[in-house]
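The values are calculated or read from the model by the stated rules, or taken from the named source; none is laboratory data. Predicted model, so just to flag it, every value in this text is computed and none were measured. Positions of Cβ are generated from backbone atoms using ideal geometry, with glycine treated the same way; all protein chains shown enter the neighbour counts. The area values use the complete protein model at the heavy-atom level, side chains included, leaving out ligands, DNA and RNA. Shrake-Rupley method; radii C 1.70, N 1.55, O 1.52, S 1.80 Å.
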Amino acid sequence: MTARLLAGLAAAALLPAVFAGLPLLHLAPNRLVTGAPIAASDALGTWFWPIAALAAGGLGLLAAGRGRMAAGLAGLACLSALALLLVGLGAGAADLTAGQPFATRARLATGAWTGVVVLACALAFAARRARLPGGGLIAAAAVLALIGGLWRVGRLDALSLVVEGRARSDALGAAIRDHLVLALGALVLAAGLTGGLALWRRGRGVVDLTVSGLQVVPAVALLGGLVAGLSALLTAAPALRSYGISALGIGPALIGVAAYLLLPLWRGLQAARRATGPDNIAAARALGFTSGQILTTLRLPLGAPALIGGLRVATVQALGLATLGALVGAGGLGTLVFDGMAQFAPDLILLGALPIIALSLAAEGALGRLEAALRRRWPR
């Protein structure tokens, strides 16, 4: 405990020095180049020391303080430091780009991302230590509300990422919608296939081998094979085009993503089946339970945590793999990511990648909490 306390206090004391040594912004003549690094003192100006003091104070309280009051004060200090950091970054970017050509960009650098991540994580840790119900969710909501509020009032408008986002706001909204449609559609398709395969009792070994083998195939190769296969099918049967079947678009992307989701869903289903042992089934039958009663009062309650666990893994995997749908014309956030890579535009890549990360973390958090609640409700 003493070693952990000393390490926390040392980190709090060294934070301003480390923070000052990292560039916070890059000033570039256009969106395609990295630009010159801007130190924290130049980027933040008079904002630097209040931010450093609040951040060090919050981390110090987390390390040395005890009890809910100390955790609450630490969380408040970290949230205040984060708010001032974002405001200071926006103001610094506005000062740096004032009077410059229209294409000039002020891009977030290593120090800015490090500061935001450290303060957000410290806020979440403080919320949990304060024993707030759903502390992690409260911290995430506070950070999102802070960023959204500053975005709305225009305090972040000079940052390159925000400039890119405002220029592509319509495309971003459509990309998020298409991404969710593809991910959820593949999840539903994979869940239906998994349920159907579970009825084939004699072929479980074949199913295990097949769904495991699919994971070995590279995703790009699988998508390419699906496009080639559908092209051959449409050449042999052109009438299928009238039903909306195409070699490109959401069709091959949906099948390809669903194929990779079979393994976590299948393993979750098998774990759920094993959760109810033969002795439990025999005891229930001895008590006169019908098959329907065994399913609803025994199998489902005991197997629900394993099912949700498999669903959690598959959902996060679907949100990530849906990015590759852009390679076959299915749209989604992958379109922004690959456009940014083709143009060597880092902010465009981030514009597509950050929503994917946020959606994945939200799905992981929500389904993880549901799985934990079910395990508490029906312990094995």
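So how many residues does the range 174-204 have that are at pLDDT below 85 and either at positive phi or open to solvent by 70 Å² or more (accessible area, probe 1.4 Å) (or both)? Give the derivation first.
The initial filter retains those residues of the range 174-204 that are at pLDDT below 85, namely 198-204.
After this cut, where a residue has to be either at positive phi or open to solvent by 70 Å² or more (accessible area, probe 1.4 Å) (or both) as well, the list is 199-202.
Residues that pass the stated criteria total 4.
Among the residues of the range 205-212, is there at least one that is surrounded by 11 or more Cβ atoms within 10 Å (Cβ to Cβ), under 23 Å from L182 (Cβ atoms), of a type outside the set (K, R) and in contact with a helix residue (DSSP H, G or I) (Cβ under 6 Å, 6 or more places away or on another chain)?
yes
Restricting the search to the range 63-105, which residues are in contact with an Asp or Glu (Cβ under 9 Å, 6 or more places away or on another chain), open to solvent by 30 Å² or more (accessible area, probe 1.4 Å) and among the aliphatic types (A, V, I, L, M)? Lay out the reasoning, then the answer.
From the range 63-105, those in contact with an Asp or Glu (Cβ under 9 Å, 6 or more places away or on another chain) are 90, 92-94, 96, 105; that's our starting set.
Filter once more, keeping what is open to solvent by 30 Å² or more (accessible area, probe 1.4 Å): 94, 96, 105.
The answer is A94, L96.
Within the range 333-341, identify whether any single residue is under 18 Å from the mean Cα position of the chain (by Cα) and under 27 Å from S212 (Cα atoms), and answer yes or no.
yes
Looking at the range 132-139, is at least one residue within 26 Å of L85 (Cα to Cα) and surrounded by 19 or more Cβ atoms within 10 Å (Cβ to Cβ)?
yes
Does the range 272-291 contain any residue that is in contact (Cβ under 8 Å) with a residue 12 or more places away in the chain, in a helix (DSSP H, G or I) and either in contact with a strand residue (DSSP E or B) (Cβ under 9 Å, 6 or more places away or on another chain) or among the hydroxyl-bearing types (S, T, Y) (or both)?
No - not one qualifying residue is present in the range 272-291.
Tell me whether the range 257-269 contains one or more residues that are modelled with pLDDT under 90, out of contact with any Asp or Glu (no Cβ under 7 Å at 6 or more places or on another chain) and among the basic types (K, R).
No; the residues of the range 257-269 include none that is modelled with pLDDT under 90, out of contact with any Asp or Glu (no Cβ under 7 Å at 6 or more places or on another chain) and among the basic types (K, R).
If you check every pair at least six apart or on different chains, which have Cβ atoms under 7 Å apart with a residue in the range 303-321 that is in contact (Cβ under 8 Å) with a residue 24 or more places away in the chain first and a residue that is open to solvent by 10 Å² or more (accessible area, probe 1.4 Å) and among the acidic types (D, E) second?
Hits for this filter: P305/E371; I308/E371; G309/E371; R312/E364; R312/E371; V316/E364.
Do we find a residue being touching a residue at least 12 places away in the same chain (Cβ under 8 Å), within 30 Å of the chain's Cα centre (by Cα) and not in a loop (DSSP other than H, G, I, E, B) anywhere in the range 292-302?
yes
For residues that are at pLDDT below 90 and not hydrophobic (A, V, I, L, M, F, W, C), scanning just the range 106-131, find the one that is surrounded by the fewest Cβ atoms within 10 Å (Cβ to Cβ).
This residue is R131.
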